[in-house]
1. Place a +1 charge on the Cβ of each Lys and Arg in the chain and a -1 charge on the Cβ of each Asp and Glu, then give the dipole magnitude about the Cα centre in debye, rounded to the nearest 20.
2. Taking amide H positions as placed in the peptide plane 1.01 Å from N, state which residues far from Asp55 in sequence (5 or more) or on other chains have amide H under 5 Å from it.
3. Restricting everything to alpha-carbon atoms, can you work out Rg to Rh for the chain with a Kirkwood hydrodynamic radius?
4. By how many nm would the segment from Lys5 to Gln160 grow when fully extended, if each residue of separation counts as 0.36 nm and the alpha-carbon distance is taken off?
5. Once phi is turned into ³J(HN,Hα) by the Karplus curve 6.51 cos²θ - 1.76 cosθ + 1.60 with θ = phi - 60°, what whole-Hz value does each residue of region 48-54 show in order, with x for glycine and proline?
6. So which of Lys31/Lys51; Lys94/Lys155; Lys51/Lys137 end up more than 20 Å apart, counting from Cα to Cα?
Amino acid sequence: MADLKIEIVDYNSRWLEDFQRESLILYNVLKNTIATIHHIGSTSVPGLAAKPIIDILIELENVSFIDSCNVQMETIGYIAKGEFGIAGRRYFQKGGNNRTHQIHVFPIGDFNVTRHIAFRDYLIAFPEVASEYEILKRSVAETCDNDIDRYCLGKHEFVQYYEAKAVEWYTLNNPIHMTDNMSAE
């Protein structure tokens, strides 16, 4: 992975368009199996600088179904990585060392869905936290020597702290798990 470049760039309004375009492709490939598709990660937070990689979260009734779609996913440029460190998830990457998209597939209503959406929505609702996060990400990216593990470790404590706050905040504000499908984004 020596060629992987970790760079934080200013927010780009095209990231939402990229997510929407990729969502249509995914809906076409996976047909009626997708329950909901979400734009997550820093590219989903307006104004937030990020690694220019679109994070997509797909909820499926049966996550193991996606395993039978690996060939179809390859035809649109995705490489299946299995659970990739999170039990029950299926993870896909597009673009190799010049990664453009990542897909996280979870069962409908899985806590991981809630935590990703909660963190995104929390950063949108609390721009001062998003600003603090951006400063941290830029600093860690500059010092991690393009080592993704060091980059993630450098953000870990911040993300853990605010993710817990975000889940609590989100749960209080959304007593019934509210989803946001592609058309709502």
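1. Details: 17 positive and 26 negative charges, 55 e Å.
For the chain, the charge dipole is close to 260 debye.
2. Excluding prolines and chain starts, which carry no amide H, the hits are Ile40, Thr43, Gln102.
3. Details: Rg = 15.9 Å, Rh = 16.9 Å.
Dividing the radius of gyration by the Kirkwood radius yields 0.94.
4. Values: separation 155, 0.36 × 155 = 55.80 nm, distance 2.41 nm.
Between Lys5 and Gln160, full extension yields an extra 53.4 nm.
5. Each residue of region 48-54 in turn: 8, 5, 7, 5, x, 10, 7 Hz.
6. Working: Lys31/Lys51 29 Å; Lys94/Lys155 23 Å; Lys51/Lys137 9 Å.
Cα-Cα > 20 Å for Lys31/Lys51; Lys94/Lys155; rest within.
Bear in mind that the values in this text are calculations on the coordinates, not laboratory data. Just so you know, these numbers come straight off a predicted model, no measurement behind them. Here Cβ is always computed from backbone atoms with ideal geometry, including for glycine, and neighbour counts include all displayed protein chains.
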